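Heads up: the structure comes next, in structure tokens.
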2 protein chains.
Amino acid sequence: VAARFHEPPRLPIGFSCATTNCGLKPSEPDLALFYSETPAAAAAIFTRNQFPGAPVMVGRELIKGGRLQAIVVNSRVSNVGTGAAGVEIARRMGRAAAAELNIAPELVLMSSTGVIGVPLPIEKIENGLRGLRSQLQTDPLIAARGIMTTDRHPKAISTSVGSATLSIIAKGAGMIEPNMATMLCYMFTDAELAADKLDEMLRRAASVSLNMLSVDTDTSTSDTCAILANGKAGRVDEAEFYAALEAACIRITEILARDGEGATKLLRASVVGAASPEEARIIAKAIVNSPLIKTMAHGADPNVGRILMAIGKNFECTIVNERVRANINGTPVVEGGMRAQFDDAQLREVLKGDPVEIAVDLGVGVGSAIAYGCDLTEGYITENASYYSS
Amino acid sequence: VAARFHEPPRLPIGFSCATTNCGLKPSEPDLALFYSETPAAAAAIFTRNQFPGAPVMVGRELIKGGRLQAIVVNSRVSNVGTGAAGVEIARRMGRAAAAELNIAPELVLMSSTGVIGVPLPIEKIENGLRGLRSQLQTDPLIAARGIMTTDRHPKAISTSVGSATLSIIAKGAGMIEPNMATMLCYMFTDAELAADKLDEMLRRAASVSLNMLSVDTDTSTSDTCAILANGKAGRVDEAEFYAALEAACIRITEILARDGEGATKLLRASVVGAASPEEARIIAKAIVNSPLIKTMAHGADPNVGRILMAIGKNFECTIVNERVRANINGTPVVEGGMRAQFDDAQLREVLKGDPVEIAVDLGVGVGSAIAYGCDLTEGYITENASYYSS
């Protein structure tokens with residue numbers, strides 16, 4: 001399925017969103033609200049980091065109900081490492097949104113993203129939510145702005161499945177190797193789907209998209225990915241819906257990767273012929289995570305021996321040197337475990353492209369996987385050497 | 001044991017070295033030779049990368065004999081990913097050194113370091129070795145220059161053990177997460193020690209020093225660490241020798257870390273109270289490997305919440321949030337799993353220091369470990385975006 005994405009993106013029937021500045025950032029939007037007119041079937045997955053943020057702890061409980069009607073999100077402060085007080089503040093944030101929308105508090109998921117370990121100024125959020133209901137509208141890019149941290153642009157896509165719509169709003173540029181989802185990623189559809197089916201499809205789609213994304217190997221404490229289905233467009237073909245969901249998840253993953261902190265291009269590692277799918281995933285991740293591969297892509301430097309290094313450093317995987325082949329955007333660079341014959345100047349031009357796709361055939365089995373990352377540039381350093389202070 | 005290191009460093013009795021330019025680099029030394037007057041008991045450990053260089057493959061065979069008399073090393077080209085032809089070239093390199101020194105070829109270990117995947121111009125090395133015997137001398141810094149790649153300075157230390165001397169010459173600044181030793185590291189002693197004892201001590205010392213070093217998470221294909229003991233100073237107390245060896249290995253590890261590509265400071269992560277030594281090692285490594293911790297150290301940005309992130313992202317380790325404590329160079333920054341009270345401006349001053357030591361107490365067991373790394377700066381990017389081409 002070659003999914004077509006709406007331009008501009010839109011929200012499904014019955015969904016709306018709003019954003020405002022509540023004083024966490026100087027003037028940019030820092031608070032966003034997503035709302036469904038009626039309660040929706042829902043599923044969510046969260047970070048595996050063992051220091052989960054307070055909203056993640058509360059969210060894990062909430063999602064057990066399989067129903068949500070709203071999501072409230074702030075940026076700038078993450079409410080992580082804040083103890084029992086932080087958990088109570090997360091609940092207050094959910095209650096404030098529920099009061100504004102006149103819905104039950106247990107139908108409101110909350111997220112906070114930004115600096116770790118400082119208290120969340122909850123009064124600012126409570127004040128900011130007052131009256132926000134009157135500003136609800138249907139352009140997802142508006143709320144996508146309110147959840148940005150170091151993102152360079154708001155991220156929202158949508159696609160059609162039969163008569164239904166599927167929309168994804170996401171943010172995240174650094175501290176990204178999700179192992180579940182990336183950062184904050186909200187999906188809305190007016191298709192009619194049960195919560196357990198949503199959960200199954202969300203996990204499956206994330207395993208080949210968001211979970212294969214790495215900007216910098218650092219797993220956030222706040223990763224949250226939720227999907228809400230309010231049923232207003234009726235039933236859809238489930239296989240067709242899953243295909244659209246997977247395609248949309250891959251698209252948003254590529255958008256997040258390309259906007260990685262300091263990144264100038266998307267880096268894709270495609271591994272086939274591995275002894276198992278798990279080994280394919282490990283090697284694909286190792287390639288997009290290697291600082292030396294990332295800087296090679298950045299500098300368009302044809303130092304392709306680094307691909308052998310990045311494959312070989314996975315000590316537990318089955319590697320038969322003489323069977324390994326690789327190409328970059330179609331140009332063979334490794335044959336029989338050795339550097340292939342190619343023209344340096346020509347490969348330099350290939351490496352200047354975007355995306356840079358490194359395709360590896362290990363030649364030992366049928367396991368395959370694709371991982372998504374970005375190049376590593378001076379911009380990543382500049383951004384992260386003073387994130388807290390700036 | 002607070003080891004004392006000689007200033008300047010020297011080689012033990014009976015060892016000498018030489019270096020020259022053989023034409024691999026424009027004019028700097030690129031070929032080095034280490035020599036013992038008599039055959040020495042020897043042990044060596046090599047990279048675990050599954051694409052080992054040809055010299056590593058040959059070296060693994062050679063070291064089974066437990067005896068070496070010389071080491072020949074070139075920089076600029078690594079002879080990795082070069083197939084059967086590369087293995088024959090590695091052997092030719094050893095034979096050429098043996099002929100020059102008039103010793104048996106099986107007593108010569110060879111190493112090559114530099115770009116991966118291009119053929120090693122063996123004729124240049126053979127020509128360069130001719131007459132090099134006449135230049136053998138006892139200053140280890142001379143040969144240390146000949147094995148440098150992106151190192152900013154030559155690395156050699158020495159210390160006394162009873163009447164014996166222990167010297168270490170090393171190189172390595174990038175593609176460093178050894179899992180065995182780092183890069184190229186040669187140790188020489190005139191103490192009398194058997195090969196199997198050397199092997200045991202080398203592995204034990206490397207496990208708490210070189211194997212706990214990471215500059216950039218990328219494991220080289222050429223890592224080689226060898227120790228030669230020619231016995232000319234007679235027997236030494238074994239416990240005393242081991243203590244000196246471990247202290248010297250830690251010292252050279254810190255020297256390598258601080259000279260990591262683009263680095264401006266040493267980063268040390270010390271973990272205690274872990275459920276096991278292995279979990280302590282995993283968490284200590286995760287801290288020195290985290291790009292967000294490394295950039296925090298670089299920018300002296302008091303964004304200490306990232307320490308919780310770097311601990312928590314180790315999904316399989318035992319973490320009890322409320323027991324976790326951490327300090328940076330003695331200033332408490334995490335208490336009870338939460339950000340501690342501290343003055344931002346004061347911590348900023350602490351972070352400007354060198355080294356930056358992040359000490360973590362997990363409070364769940366008695367496992368401990370120390371890992372060594374460096375900050376991540378724009379210099380790493382600049383250097384690696386054009387290494388092959390420059």
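Note on A:His6: accessible area approximately 30 square angstrom, rounded to 10, probe 1.4 Å, nucleic acids and ligands left out. Peptide B:79-87 has a mean of 4 when you count, residue by residue, the C-beta atoms of other protein chains within 10 Å of its C-beta. Taking the label point 7 Å along Cα→Cβ, A:Gly23 and its counterparts in the other copies are spaced 7.5 nm apart, in ascending order. Could you pull out every one of the lysines with an alpha carbon less than 19 Å from that of A:Lys294, ignoring same-chain neighbours closer than 8 positions? Those lysines meeting the cut-off are A:Lys265, A:Lys285, A:Lys313, A:Lys352, B:Lys294. In plain terms, the chain from A:Glu238 to A:Val87 could stretch by 50.7 nm, reckoned as 0.36 nm per residue minus the Cα-Cα distance. Summary of the geometry: segment B:158-175 and segment B:60-122, compared by the centres of their Cα atoms, lie 22 Å apart.
Mind checking the mean number of beta-carbon atoms from other chains within 10 Å of the Cβ atoms in B:96-107?
For this peptide, the per-residue mean of nearby foreign Cβ atoms is 0.
In the protein assembly as shown, the DSSP beta bridges split such that about 70 percent are antiparallel, to the nearest 5. Each Lys and Arg adds +1 at its Cβ and each Asp and Glu adds -1 at its Cβ; summed about the Cα centre, chain A shows a dipole of about 540 debye.
Explain nothing, just the number: dipole magnitude of segment B:170-270 about its Cα centre with +1 on each Lys and Arg Cβ and -1 on each Asp and Glu Cβ, in debye rounded to the nearest 20.
Roughly 200 debye for segment B:170-270.
Sequence gap at least 6, Cα distance under 8 Å: using those rules, report the relative contact order of chain B to the nearest whole percent. 18 percent.
Can you pull out the buried accessible area for chains B and A, both sides counted, probe 1.4 Å, rounded to the nearest 100 Å²? Heavy-atom accessible area buried at this interface is about 5100 Å².
Legend: translational diffusion of segment A:168-271 by Stokes-Einstein, Rh = Kirkwood radius over C-alpha pairs, 25 °C, 0.890 mPa s; D = 175 µm²/s. If both residues of a DSSP beta bridge must be in segment B:254-390, then about 75% of such bridges are antiparallel.
The alpha carbons of segment A:181-226 stretch over 37, 17, 14 Å along the principal axes, in descending order.
When B:Asp343 is represented by a point 7 angstrom out along its Cα-to-C-beta vector, the spacings to that point in the other copies are 6.4 nm, nearest first. Taking every DSSP beta bridge that has both residues in chain A, what percent is antiparallel when rounded to the nearest 5? Of those bridges, close to 70 percent are antiparallel. In this view, the solvent-accessible surface of A:Thr318, computed with a 1.4 Å probe and all protein chains in place, comes to about 60 Å².
Using the Cβ of B:Gly14 as centre and a radius below 14 Å, the other residues enclosed give a net charge of -1, where K and R count +1 and D and E count -1.
Position B:Phe315: other-copy label points at 2.1 nm, ordered by increasing distance, label point 7 Å along Cα→C-beta. Among the cysteines of chain A, those with no neighbouring cysteine Cβ under 4.7 Å are A:Cys17, A:Cys22, A:Cys249, A:Cys317, A:Cys374.
Computed from the C-beta positions of B:Val208 and B:Asp139 and an R0 of 25 Å, the FRET efficiency is 0.30 to the nearest 0.05. May I ask you to give the percent of accessible area on chain B that is carbon plus sulfur, with a probe radius of 1.4 Å? Carbon and sulfur: 50 percent of the exposed surface of chain B. Selection among A:Asn327, A:Cys374, A:Leu362 by position relative to the dipole of segment A:327-390 gives A:Leu362 as farthest towards the positive end (Cβ unit charges, Cα centre).
Taking every full run of DSSP H in chain A, the ones that stretch at least 24 Å from end to end by Cα along their long axis and average -1.0 or higher on the Kyte-Doolittle scale are A:83-101, A:238-258.
Which of the peptides B:115-124, A:57-66 is most tightly packed, and how do the rest follow, judged by the mean count of other Cβ atoms within 10 Å per residue?
B:115-124, A:57-66
Per residue, the solvent-accessible area of chain B (1.4 Å probe, heavy atoms of protein chains only, all protein chains present) comes to 33 Å².
Hey, how many Å between the Cα centroid of segment A:210-228 and the Cα centroid of segment B:306-381? Using only Cα atoms, the two centres lie 22 Å from each other. Simple rule: put +1 on each Lys or Arg Cβ and -1 on each Asp or Glu Cβ in chain B, find the dipole, and look at B:Val58, B:Ala247, B:Met296; the Cα lying farthest toward the positive end is B:Val58. Neighbouring Cβ atoms from other chains, within 10 Å of the Cβ of residues in A:284-293, number 4 on average.
Its Cα centre serving as origin, segment A:256-387 has a Cβ charge dipole (Lys and Arg +1, Asp and Glu -1) of approximately 160 debye. The two copies A and B are related by a rotation, and the chain A beta carbon nearest its axis, with distance in whole angstrom, is A:Glu378, 2.
Other residues lying with their Cβ under 9 Å from the Cβ of B:Thr113 contribute a combined charge of +2, Lys and Arg counting +1, Asp and Glu -1.
The values are calculated or read from the model by the stated rules, or taken from the named source; none is laboratory data. Every value quoted in this text rests on a predicted model; they were computed, and no experiment measured them. Because the Cβ atoms are built from the backbone with ideal geometry, glycine has one as well, and the counts that use them run over all protein chains shown. These area figures cover heavy atoms from the full protein model, side chains too; ligands, DNA and RNA do not enter into them. Shrake-Rupley method; radii C 1.70, N 1.55, O 1.52, S 1.80 Å.
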